[in-house]
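Engineer: Pasting in a structure now, in structure tokens, and then I'll have a few things to ask.
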Amino acid sequence: MMRKIFLKLILLGASVLLMDFLLGKGLDYLQAHAKSGNTKRFDYIAHEMCADVVISGSSRCSLHYSPQVFEDSLGMTCYNTGQEGQGIIMQYGWFKLFTKRYTPKIIIYDVMPAFDYLNGEPNEKYLSLLRPFYHESPIDSIILSVDRTERLKMLSSCYRHNGHIFQLLKDFVTPYKEDVLKGYRPVDKEMEYDYSTPPEKASETGLDSLRASYMNRFAQECTNKGIKLIFCSSPYYKAPSYYAANFDFIRDLSKQYDIPFIYHGNDSSYIYDKRLFHNASHMNRKGAEKYSSQIAHEIKAFLDRH
Amino acid sequence: MIFNSFQFIWVFPIIFFSYYCLTYLFKHSALQPRYSNLLLLVVSYALYLQWNPVHTLVLLWVTLVTYLFAILIEKRQAYSKQKYLITFGIVLALLPLFIYKYYDFLLNSITELCGRYGIEIGLAGMNWSLPLGISFFSFQAVGYLFEVYKNREKAERNLVNYMLFVSFFPQISSGPISKSSELLPQIRNRRPLDFEKMTEGFRQLLLGLFLKLMIANHLGLYVDTIYSTYEIHSGTTCLLASICYSFQLYADFAGYSLMAIGVGQIMGFQLPTNFNHPYRAYSVSDFWKRWHITLTRWLTTYVYIPLGGSRCSSIKCYKNILITFLVSGIWHGANWTFIFWGLLHGCILVVERMLKLKEKSKNVIKNAVRVFITFMLVNFLWILFRMPSISDAALFIKKILTSPGRLELVDNTTTIYIAISLLLIVLYEIGMKSLNPFKSSYRIIRWSSYVVCLLAILLLGVLDTSQFIYVNF
């Protein structure tokens, strides 16, 4: 009977492995031949992008920084790689991929403490978009630095695409459309309520050592490659006074590597005007255009001075 | 060990293989249960130690106290001495549960109350983390003590057997809460290898994994988003989130129970069923016969019946129901929301008893309406279960009732996942047994469904090793 049990389990395991391999190959094909959407965008950032100015960060980055405004102001090509719910782990991975091909002149990094260096949700959540690039160095080492067991998990071809199947199918069938906004994803809605989600307190959460080390490496490598790195913090609706202290880590990092840090998190010309926001942590198009113009002007003035 | 963790994928096959080698090697020996029990005990304690070494002392304390007191109770024939021993034994066994789970809550409540009258209490809370499964193993051990006291069970003299009864790894963190008469005989006796039982165990494990990773976790993503910022969402959105939470909780807990039962079956044990399509209940009384069955059974046997049960005056019976549900609320968590939740369930049961509601009507439409009303009542009470405070729960319910607004979904992908999850769980709840591919008489369909199920988990499951909700209780 033992033989029967183990034979059946081996047969089931072999069937799953075979199907996993075949399905994984199919999904790899969909990813490689995506015509539109995020799948195409991620592939573009990793393998095609050659903008002079790269803007990176979380959803606050993709919603708050208009590349067109920066192009007009700085006279350089620009692309926004901001991604919802993502922080330094994923952005560092993309940075490593595109800097294998070329070196941008400027990187503007919109800092989101909760995603970039404060303790919070487990770091595994930042791996989802890196997994499809596992076989490209050094994405594998970044993934393994977060979770060593990923080496075994990656033996499954389907696991690499976990949670992306609908996106892959959609992006494969939807025809190509040029991304005229260059990664910028403005929202036209205005805030319908007057409610602020209090941001985390750095003094209570403490630092996440892994993400903090990636911030450090990111700053160091930009300096070594001669890329002008600029840290920014865009406005947060009704940000409390303690919010500024959340950026102490960035201030220290800026001093260490002589990197400018432009802080507008508590900027009173934005944070009390709900017409500029569509929710507590995200500005709408109106707010984003106003902020982009201001920050582009400040960066230009800074570059002119140096 | 969390069943949905990566650790389970590699640790369980090792446990399984060792267990079966041992069972196979000693299949003709009377020593078979002794060796396999020893192995299971080592595994159970090793996994608990890995969770938190200090908390293992709590597990040991509860085990040894109930073990010794059961023997003492059995030795003392005089009823008065037995009563003294059972009281003392229960107090000692539940002491860690009280200290870890309720001390801070009680202290905070007293401090707050005294603060209102200008009295300051200088005592500080302990803020200790809760030992894994403390509510479950404490209740299981106390249940055993009560059975010995009532002379329905002989005191277990074999310490290894008893330690395994309290710490058996599949059920320690979230049940099911077994009765000693169910589990101890299985521990004592030989457990022959049973292919059918094992296959069924793997099916239950796979189904449980599917419920947790494919349904509960997907619904949880939407529920967490809406509940954490309910102030800014419309009433309709809050209503949808509350319905999603009802199904998330069900898929999460039923998923865990199925996995525990499945792992138990693979090891040759038959653990009690914990769920029987609760959202098909015709009344809230019926719901409690279908939801967390082993807890309801525990409360009925060791709280409700000793209080007098229903064999007394109506008023006393109503009081007994309210006390039982108060205990249920307190058991679920040290927060006024749980206490209020338990009492409200008790009140509804009292009203149902007053109205003398029958289990089921012959009229299909009437039955459907009753199922719907029961679901909505339970659904609204789950809001108290999910919210951090009664005032938050009240505001959430007020929002649903007074400002419906338009339905807000997250992004398209999440909406697809929510729709699929709800559809699957409703189909599961309706219980279309004839459509269950795991039970098909065609081998090809059964095998294909196992492969598809595993691939679906790999491709679509939320594999973030998030904890099971009931582990927090």
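Engineer: Output the residue which, of all residues in segment A:199-212 that are touching a Pro at 6+ places or on another chain (Cβ under 9 Å) and in a helix (DSSP H, G or I), is surrounded by the most Cβ atoms within 10 Å (Cβ to Cβ).
Structural biologist: So, considering only residues that are touching a Pro at 6+ places or on another chain (Cβ under 9 Å) and in a helix (DSSP H, G or I), the one surrounded by the most Cβ atoms within 10 Å (Cβ to Cβ) is A:ALA202.
Engineer: Something else about it: What number goes with the only condition from (1) closer than 21 Å to B:PHE165 by Cβ; (2) buried (at least 17 other Cβ atoms within 10 Å of the Cβ); (3) not hydrophobic (A, V, I, L, M, F, W, C) that B:GLN82 does not pass?
Structural biologist: Answer for B:GLN82: the failing condition is (1).
Engineer: Looking at (1) surrounded by fewer than 23 Cβ atoms within 10 Å (Cβ to Cβ); (2) closer than 29 Å to A:VAL69 by Cα; (3) in contact (Cβ under 8 Å) with a residue 24 or more places away in the chain, can you tell me which one A:ASN123 breaks?
Structural biologist: (2)
Engineer: So is B:ILE187 in contact with a Ser or Thr (Cβ under 9 Å, 6 or more places away or on another chain), assigned to a helix (DSSP H, G or I) and either crowded, with 22+ Cβ neighbours inside 10 Å or modelled with pLDDT under 90 (or both) or not?
Structural biologist: On the way: in contact with a Ser or Thr (Cβ under 9 Å, 6 or more places away or on another chain): no; assigned to a helix (DSSP H, G or I): yes; either crowded, with 22+ Cβ neighbours inside 10 Å or modelled with pLDDT under 90 (or both): yes.
No.
Engineer: Let me ask you something else. What is the number of the single condition among (1) within 14 Å of chain A (Cβ to nearest Cβ); (2) buried (at least 18 other Cβ atoms within 10 Å of the Cβ) that B:VAL148 does not meet?
Structural biologist: (1)
Engineer: For a quick check of your reading of the model, give me the residue pairs whose first member lies in segment A:261-276 and is β-branched (Val, Ile, Thr), whose second is not in a helix (DSSP H, G or I), with beta-carbon atoms closer than 6 Å and at least 6 apart or on different chains.
Structural biologist: Going by the 6 Å Cβ cut-off, the qualifying pairs are A:ILE262/A:CYS232; A:ILE271/A:PRO235; A:ILE271/A:TYR237; A:ILE271/A:LYS238; A:ILE271/A:ALA239.
Engineer: Which ones in segment A:139-156 are farther than 21 Å from A:LEU97 by Cα and either at pLDDT below 90 or at the interface with another protein chain (Cβ under 10 Å from one of its Cβ atoms) (or both)?
Structural biologist: Hits for segment A:139-156 are A:THR149, A:LEU152, A:LYS153, A:SER156.
Engineer: Sticking with this structure for a sec: Based on this model, can you work out whether B:SER421 counts as within 18 Å of B:VAL223 (Cα to Cα), within 14 Å of chain A (Cβ to nearest Cβ) and in a helix (DSSP H, G or I)? Walk me through how you get there before you give the answer.
Structural biologist: Numbers: within 18 Å of B:VAL223 (Cα to Cα): yes; within 14 Å of chain A (Cβ to nearest Cβ): yes; in a helix (DSSP H, G or I): yes.
So B:SER421 fits the description; yes.
Engineer: Separate question: Restricting the search to segment A:255-269, which residues are surrounded by 12 or more Cβ atoms within 10 Å (Cβ to Cβ) and assigned to a loop (DSSP other than H, G, I, E, B)?
Structural biologist: Applying the first criterion (surrounded by 12 or more Cβ atoms within 10 Å (Cβ to Cβ)) to segment A:255-269 yields A:256-257, A:259-267, A:269.
Correct list: A:ILE259, A:PRO260, A:HIS264, A:GLY265, A:ASN266, A:ASP267.
Engineer: From the list B:SER391, B:SER448, which residue is in a helix (DSSP H, G or I) and within 14 Å of chain A (Cβ to nearest Cβ)?
Structural biologist: Values: B:SER391 fails: within 14 Å of chain A (Cβ to nearest Cβ).
Only one candidate qualifies: B:SER448.
Engineer: A follow-up question, please. Surrounded by 14 or more Cβ atoms within 10 Å (Cβ to Cβ), without any contact (Cβ under 8 Å) to a residue 12 or more places away in the chain and either within 27 Å of B:TYR149 (Cα to Cα) or not acidic (Asp, Glu) (or both): does that describe B:LEU94? Walk me through it before giving the result.
Structural biologist: Working: surrounded by 14 or more Cβ atoms within 10 Å (Cβ to Cβ): yes; without any contact (Cβ under 8 Å) to a residue 12 or more places away in the chain: no; either within 27 Å of B:TYR149 (Cα to Cα) or not acidic (Asp, Glu) (or both): yes.
Here the answer is no, as B:LEU94 does not meet what is asked.
Engineer: Take segment A:103-138 and flag every residue that is within 14 Å of another protein chain (Cβ to nearest Cβ), in contact with a helix residue (DSSP H, G or I) (Cβ under 7 Å, 6 or more places away or on another chain) and not in a loop (DSSP other than H, G, I, E, B). Before you say what the answer is, go through the steps one by one.
Structural biologist: The initial filter retains those residues of segment A:103-138 that are within 14 Å of another protein chain (Cβ to nearest Cβ), namely A:114, A:120-129, A:131-132.
Then drop every residue that is not in contact with a helix residue (DSSP H, G or I) (Cβ under 7 Å, 6 or more places away or on another chain), which leaves A:120, A:123-124, A:126-127, A:129, A:131-132.
A:ASN123, A:GLU124, A:TYR126, A:ARG131, A:PRO132, listed by residue number.
Engineer: Take segment B:394-408 and flag every residue that is without any contact (Cβ under 8 Å) to a residue 40 or more places away in the chain and not in a helix (DSSP H, G or I). First the steps, then the outcome.
Structural biologist: If we filter segment B:394-408 for residues that are without any contact (Cβ under 8 Å) to a residue 40 or more places away in the chain, which is where we start, we get B:394, B:397-398.
Listed by number, the list is empty, since nothing qualifies.
Engineer: Still on this structure, please answer the following. Out of the residues in segment B:451-473 that are modelled with pLDDT under 85 and either part of a loop (DSSP other than H, G, I, E, B) or in contact with a His (Cβ under 8 Å, 6 or more places away or on another chain) (or both), which is farthest from A:LEU11 (Cα to Cα)?
Structural biologist: For segment B:451-473, the residue satisfying everything is B:PHE473.
Engineer: Restricting attention to segment A:157-175, and to residues there that are under 23 Å from the mean Cα position of the chain (by Cα) and away from every other protein chain (no Cβ under 11 Å), which single residue is farthest from A:LYS274 (Cα to Cα)?
Structural biologist: For segment A:157-175, the residue satisfying everything is A:PHE172.
Engineer: Taking helices (runs of 4 or more DSSP H) that do not extend beyond segment B:200-311, which have at least 3 residues that are under 30 Å from A:TYR193 (Cα atoms)?
Structural biologist: Values: elements: B:217-228, B:235-266, B:284-290, B:293-299.
Answer list for segment B:200-311: B:217-228, B:235-266.
Engineer: Tell me, which residue of segment B:203-223 that is at pLDDT 90 or above, surrounded by fewer than 21 Cβ atoms within 10 Å (Cβ to Cβ) and within 14 Å of another protein chain (Cβ to nearest Cβ) is nearest to the chain's Cα centre (by Cα)?
Structural biologist: Here the residue is B:LEU206.
Engineer: Among the residues in segment B:110-131, are any buried (at least 22 other Cβ atoms within 10 Å of the Cβ), among the β-branched types (Val, Ile, Thr) and over 19 Å from B:ILE71 (Cβ atoms)?
Structural biologist: Residues of segment B:110-131 buried (at least 22 other Cβ atoms within 10 Å of the Cβ): B:131.
Of the ones still in play, those that are also among the β-branched types (Val, Ile, Thr) are none.
No: zero hits.
Engineer: Let me ask another. Could you list, ordered by first residue, the pairs with Cβ atoms under 6 Å in which the first is in segment B:214-228 and farther than 13 Å from B:ASP411 by Cα and the second is acidic (Asp, Glu) and assigned to a helix (DSSP H, G or I), at least 6 apart or interchain?
Structural biologist: B:ALA216/B:ASP252
Engineer: Kindly indicate whether A:MET215 is in a helix (DSSP H, G or I), crowded, with 20+ Cβ neighbours inside 10 Å and in contact with a helix residue (DSSP H, G or I) (Cβ under 6 Å, 6 or more places away or on another chain). Walk me through it before giving the result.
Structural biologist: Working: in a helix (DSSP H, G or I): yes; crowded, with 20+ Cβ neighbours inside 10 Å: yes; in contact with a helix residue (DSSP H, G or I) (Cβ under 6 Å, 6 or more places away or on another chain): yes.
Judged against the criteria, A:MET215 is a match.
Engineer: Quickly run through segment B:400-418 and pick out the residues that are farther than 16 Å from A:TYR193 by Cβ, within 14 Å of chain A (Cβ to nearest Cβ) and of a type outside the set (D, E, K, R).
Structural biologist: Let us first name the residues in segment B:400-418 that are farther than 16 Å from A:TYR193 by Cβ, namely B:400-401, B:407, B:409-418.
In the following step, the residues that additionally are within 14 Å of chain A (Cβ to nearest Cβ) were identified as B:410-418.
Result: B:VAL410, B:ASN412, B:THR413, B:THR414, B:THR415, B:ILE416, B:TYR417, B:ILE418.
Engineer: Filter segment A:186-200 for residues that are modelled with pLDDT of 80 or more and closer than 20 Å to A:ASN266 by Cα and give the result.
Structural biologist: Scanning segment A:186-200 gives A:GLU190, A:MET191.
A quick yes/no check of all residues on (1) without any contact (Cβ under 8 Å) to a residue 24 or more places away in the chain; (2) buried (at least 16 other Cβ atoms within 10 Å of the Cβ):
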site: A:ARG101; (1), (2): no, no
site: A:LYS105; (1), (2): no, no
site: A:ILE108; (1), (2): no, yes
site: A:PRO113; (1), (2): no, yes
site: A:LEU118; (1), (2): no, yes
site: A:LEU130; (1), (2): no, yes
site: A:VAL146; (1), (2): no, yes
site: A:LEU152; (1), (2): yes, no
site: A:GLN167; (1), (2): no, yes
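Engineer: Another one. Which condition breaks for B:LYS439 when tested against (1) of a type outside the set (Gly, Ala, Ser); (2) over 30 Å from B:ALA334 (Cα atoms); (3) modelled with pLDDT of 90 or more?
Structural biologist: Checking B:LYS439 against (1) of a type outside the set (Gly, Ala, Ser); (2) over 30 Å from B:ALA334 (Cα atoms); (3) modelled with pLDDT of 90 or more, the one that fails is (3).
The values are calculated or read from the model by the stated rules, or taken from the named source; none is laboratory data. What you are looking at is a predicted structure, and each value in this text was computed from that prediction instead of being measured. Note: ideal-geometry Cβ built from the backbone for every residue, glycine included; neighbour counts use all protein chains shown.
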